[in-house]
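Peer 1: Have a look at the structure that comes next, please.
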Amino acid sequence: MTTTAGSPALDSILGQIHAEVTDGRATARPRVDGEMVDLDGRRFYRITGYDRMPPFFMTIVSSSDVWLFISSTGGLTAGRVDAENALFPYYTDDKVAESAGRTGGLTRMHVTPAGGAGTHWHPFAEVRPGDPAVERTLYKDVLGTALVFEETRPDVGLRLRVTWESSARYGVVRGCELASMGDRTCEVELLDGLVNILPAGTSQQVQNELSNLLDAYKRSELDPETGLGLFHLNASLTDLAEPSESLRTNVAWQVGLDGATHLLSTRRLGAFPAAATDELEVRGERGAYLLRTRLALAPGERRTWRIAADVDHDAAAVVALKTRLGDPTAIAADLEADIARTREDLTA
């Protein structure tokens, strides 16, 4: 069953949790609440403390052929048209929920406030005893075209918002806003992006039955001039003794983080926040598109960036995209406009 913000099933869950809070069974837990609010000039349904609810499944609605299913845990699957054209592995609800942090979005930070000691921050990760307190909120717009995950770390005075949307032209879009809510300047070592990106040409059967073989055929490449990530197969999967080229690729790119280092795998996660250089090519591993950079945020300052990812590009489409990426300002404006058009087409 798919459960979306504002649906009867979700209202039932909220009602159960409210009852527990009222009768004293959950008095030690922060309140879970839901209400309609305005966010960036649009109407959203907001759930405060959503991470204290049982995991629930949601969809991102689109006027195009882009599809995206996402769990409240953060795990997701997405693509175009059908499961045969997936950008992330197409699994059932329970497996998508359990894939949080391993499939879809990933953010890690090392934050150093002015005059203070540095601390690690892994937004939306499972909270364990002894971890610093965080506040989590979920927003979904009334059309169902955008989903916003928000986490605030009061001890470092930072808030991260991650927005999932779709673009008819550019595919799945992950937008981030990091805001300083405190009264001190802070330095942030940032690692952010997408993990477990599938190569083009990965059928649902291959995903589920030949996953280890699929990993061996994976190849991820970076165009250093534009920061475009390419995710494809070294060759089509076949047992026949004949050439079988793979001539299509999935893609990922970003706007907003100029000068960032690009990583195509998760092999360097354990070394973060150590400095890193661009990974230009990775073979035999699950693809990733991660950005590594350093930010300095003054009190009240905000930094925003977007990552777009799409499926099944041929050589001509890749060349055209590289040309557009040559003008970061223009493609950023076109991406924002196309997200708006994709949303507004639902109301036409």
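Peer 1: Would you check if T304 is touching a Leu at 6+ places or on another chain (Cβ under 9 Å) and closer than 15 Å to T107 by Cα?
Peer 2: Taking the combined requirement at face value, the residue satisfies it.
Peer 1: The conditions are (1) among the hydroxyl-bearing types (S, T, Y); (2) in contact (Cβ under 8 Å) with a residue 40 or more places away in the chain; (3) open to solvent by 20 Å² or more (accessible area, probe 1.4 Å), and T119 fails exactly one of them. Which is it?
Peer 2: The single condition T119 does not satisfy is (2).
This table checks each residue for (1) in contact with a Lys or Arg (Cβ under 8 Å, 6 or more places away or on another chain); (2) not hydroxyl-bearing (S, T, Y).
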{"position": "V61", "(1), (2)": "no, yes"}
{"position": "Y91", "(1), (2)": "no, no"}
{"position": "D94", "(1), (2)": "no, yes"}
{"position": "G104", "(1), (2)": "no, yes"}
{"position": "H110", "(1), (2)": "no, yes"}
{"position": "G116", "(1), (2)": "yes, yes"}
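Peer 1: Counting only residues that are outside any helix (DSSP H, G or I) and either open to solvent by 20 Å² or more (accessible area, probe 1.4 Å) or among the charged types (D, E, K, R) (or both), how many does segment 38-56 have?
Peer 2: Count: 10.
Peer 1: Let me ask you something else. Would you check which residues across segment 296-323 are surrounded by 17 or more Cβ atoms within 10 Å (Cβ to Cβ) and touching a Lys or Arg at 6+ places or on another chain (Cβ under 6 Å) and list them?
Peer 2: Matches in segment 296-323: I307, V311, D312.
Peer 1: Is there any pair with a first residue in segment 316-333 that is within 20 Å of G259 (Cβ to Cβ) and a second that is open to solvent by 70 Å² or more (accessible area, probe 1.4 Å) whose Cβ atoms are under 9 Å apart and which are 6 or more apart or on different chains, and what are they?
Peer 2: From segment 316-333, the pairs are K322/E225; L325/E225; G326/E225; P328/D258; A330/R324; I331/R324.
Peer 1: Another question about this same structure. Select from segment 154-186 the residues that are over 18 Å from T304 (Cβ atoms) and not small (G, A, S) and write down the one among them that is nearest to the chain's Cα centre (by Cα).
Peer 2: Looking at the filtered set, the residue picked out is R169.
Peer 1: Follow-up. Exactly one of these conditions fails for V188: (1) open to solvent by 20 Å² or more (accessible area, probe 1.4 Å); (2) in contact with a His (Cβ under 8 Å, 6 or more places away or on another chain); (3) at pLDDT 95 or above. Give me its number.
Peer 2: For V188, the failing item is (1).
Peer 1: Here's something else I'd like to know. Quick check, is E151 free of Cβ contacts under 8 Å to residues at least 40 places away in the same chain, in a strand (DSSP E or B) and not basic (K, R)?
Peer 2: yes
Peer 1: Within segment 1-13, is even one residue touching a strand residue (DSSP E or B) at 6+ places or on another chain (Cβ under 8 Å), open to solvent by less than 70 Å² (accessible area, probe 1.4 Å), modelled with pLDDT of 50 or more and among the polar types (S, T, N, Q)?
Peer 2: no
Peer 1: I've got another one for you. Just one of G326, G287 is more than 17 Å from E177 (Cα to Cα) and under 19 Å from the mean Cα position of the chain (by Cα); which is it?
Peer 2: Details: G326 fails: under 19 Å from the mean Cα position of the chain (by Cα).
After ruling out the rest, the residue left standing is G287.
Peer 1: Out of (1) assigned to a strand (DSSP E or B); (2) in contact with a helix residue (DSSP H, G or I) (Cβ under 8 Å, 6 or more places away or on another chain), the odd one out for L143 is which?
Peer 2: So the condition that L143 fails would be (1).
Peer 1: Go through segment 122-141 and count every residue that is under 30 Å from A86 (Cα atoms), in contact with a strand residue (DSSP E or B) (Cβ under 8 Å, 6 or more places away or on another chain) and open to solvent by less than 60 Å² (accessible area, probe 1.4 Å).
Peer 2: Number satisfying all stated conditions: 8.
The values are calculated or read from the model by the stated rules, or taken from the named source; none is laboratory data. This structure is a prediction, so every number in the text was calculated from the model and none was measured. For neighbour counting, all protein chains shown are included, and Cβ atoms are generated from backbone atoms with ideal geometry for every residue, glycine included. Each accessible area value is taken on the protein alone, full model and side chains, heavy atoms only, with ligands, DNA and RNA left out. Shrake-Rupley method; radii C 1.70, N 1.55, O 1.52, S 1.80 Å.
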